[in-house]
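Encoded as structure tokens, the structure appears first; notes follow it.
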Amino acid sequence: MSEKKFTLQAAVTFGLEAVAKREAAKIGFEQIRASDGYVEFKASSEDIVKANLNFRCVDRIMLVLKKFKVLDFEELFEGVYSVDWCDILPENAQFIVTGKSIKSLLSSVPAIQSVSEKAIIKKLQTKYARDNFSKDGARYIIQIGLLKDEVTVLLNTSGPSLHKRGYRTDQGLAPLKETMAAALIELSFWKNERIFLDPCCGSGTIPIEAALIARNIAPGLYRHFDFEKQGIIDANIVKQEKINARSAIDFNVTPQIYGSDINKRAIEMSLKNSANAGVDDCIVFEQIPFNKLVLPGDYGVCVSNPPYGERMGESSDVERLYRDMGRLFGKNNTWSAYILTSNESFEKFYGKRADKKRKLFNGNVKVDYYQFFGQKPTSK
């Protein structure tokens with residue numbers, strides 16, 4: 001299987017497709033195409049492992065099994081049936097069919113799932129002479145996606161979302177996903193030689209992701225993936241790719257990364273999570289309210305996801321926080337500030353219009369990523 005080329009889709013949050021495309025090129029993939037909600041590229045079986053280990057900003061790595069046009073459920077059945085399921089699924093496969101439909105004649109997702117599952121079972125029955133399947137083996141999540149009457153049949157090689165790195169065992173009420181945190185850092189174009197700060201660090205996700213980037217630690221190195229039990233990739237290939245990822249880590253890098261929060265519990269969570277991630281030695285966490293914060297030098301980069309002020313009784317505190325942010329970074333023009341919030345009045349309270357603003361989604365919440373560019377350090 002290692003010589004064969006596949007098409008992979010990396011599912012990504014809307015608005016981050018360009019970030020994912022850059023990341024795919026950086027990892028070394030070719031023939032990369034970005035579309036709404038995903039990037040697509042050619043890959044080998046080794047690359048399936050490499051993609052799951054190394055992508056920081058995407059949610060799942062999906063193997064494209066087939067694409068075809070449909071106008072009715074009979075065509076859907078025949079198209080799904082035509083996939084070589086007997087070569088993909090073992091007799092006891094725990095296969096789960098998910099579906100979605102956008103701007104297509106076949107709009108009922110439950111019906112799409114039902115018809116597709118029947119087609120898969122009928123195909124398996126050509127090899128396994130049985131009426132029922134136990135489904136007690138390895139998990140295979142199969143997605144049947146329709147967009148403008150074109151079906152894409154996908155196999156989820158990741159399993160649970162890639163934001164689940166494995167280090168965050170403690171978190172607050174509204175944690176930022178690790179994949180989004182990494183994307184925010186990538187959009188700031190922060191480099192190791194500059195100071196990095198998150199003054200509203202919560203459980204420490206943004207500083208931890210910055211440290212992982214700084215030391216070139218593959219974000220998926222310490223978790224498991226569905227492909228490891230699906231039998232689609234040789235175990236020796238998986239082992240070698242993990243060895244390659246470990247050898248790429250640069251422990252000699254000593255970035256200046258700071259995280260602070262007004263909440264004592266948040267700092268306790270941050271310390272625990274950074275230790276789990278193996279980067280506690282290069283992040284300084286401190287409990288301190290923003291209005292007492294002293295910037296730890298010049299030419300720094302602040303990336304933060306502060307409270308949005310949506311909960312009852314929070315609005316006045318949040319408005320004060322935004323004003324304090326504007327005052328602090330306004331008088332320190334060597335600093336760049338990148339702030340994610342859903343608060344549409346943020347610029348008014350901050351006291352300045354952003355140099356650039358990007359619309360994103362934090363989960364299901366529409367947010368803006370406000371970017372204030374400071375002076376860049378002079379090249380030596």
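The values are calculated or read from the model by the stated rules, or taken from the named source; none is laboratory data. Remember, predicted model here, so these are calculated numbers, not experimental data. Neighbour counts run over all protein chains shown; Cβ positions are idealised from the backbone, glycine included.
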Confirm whether Ile112 is more than 25 Å from Leu340 (Cβ to Cβ), touching a Gly at 6+ places or on another chain (Cβ under 9 Å) and part of a helix (DSSP H, G or I). yes
Out of segment 22-65, which residues are more than 13 Å from the chain's Cα centre (by Cα) and charged (D, E, K, R)? Arg22, Lys26, Glu30, Arg33, Asp36, Glu40, Lys42, Glu46, Asp47, Lys50
Among the residues of segment 232-289, what is the count of those that are assigned to a helix (DSSP H, G or I), of a type in the set (Gly, Ala, Ser) and within 24 Å of the chain's Cα centre (by Cα)? 7
Considering segment 234-275 alone, what residues qualify as being surrounded by fewer than 19 Cβ atoms within 10 Å (Cβ to Cβ) and under 30 Å from Pro289 (Cα atoms)? Val253, Thr254, Gln256, Ile262, Asn263, Lys264, Arg265, Glu268, Leu271, Lys272, Ala275
Restricted to segment 119-162, and to residues that are modelled with pLDDT of 95 or more, assigned to a loop (DSSP other than H, G, I, E, B) and among the aliphatic types (A, V, I, L, M), which residue is surrounded by the fewest Cβ atoms within 10 Å (Cβ to Cβ)? Ala138
Here the qualifying pairs (Cβ atoms under 6 Å; residues six or more apart or on different chains; first in segment 220-237 and among the basic types (Lys, Arg); second in a loop (DSSP other than H, G, I, E, B)) come out as Arg223/Gly166; Lys229/Ala138
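Yes or no, residue by residue, for (1) under 22 Å from Gly351 (Cα atoms); (2) surrounded by 18 or more Cβ atoms within 10 Å (Cβ to Cβ):
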{"residue": "Val279", "(1), (2)": "no, yes"}
{"residue": "Asn291", "(1), (2)": "yes, no"}
{"residue": "Leu295", "(1), (2)": "yes, no"}
{"residue": "Gly300", "(1), (2)": "yes, yes"}
{"residue": "Glu314", "(1), (2)": "yes, no"}
{"residue": "Asp317", "(1), (2)": "yes, no"}
Only listed residue being closer than 28 Å to Glu228 by Cβ, in contact (Cβ under 8 Å) with a residue 24 or more places away in the chain and crowded, with 17+ Cβ neighbours inside 10 Å, chosen from Leu76, Leu65: Leu65
So how many residues does segment 12-51 have that are outside any helix (DSSP H, G or I), more than 16 Å from Phe227 (Cα to Cα) and in contact (Cβ under 8 Å) with a residue 24 or more places away in the chain? 11
Residue, surrounded by the fewest Cβ atoms within 10 Å (Cβ to Cβ), within segment 13-39, restricted to residues that are within 21 Å of Ala245 (Cβ to Cβ) and among the hydrophobic types (A, V, I, L, M, F, W, C): Ala25
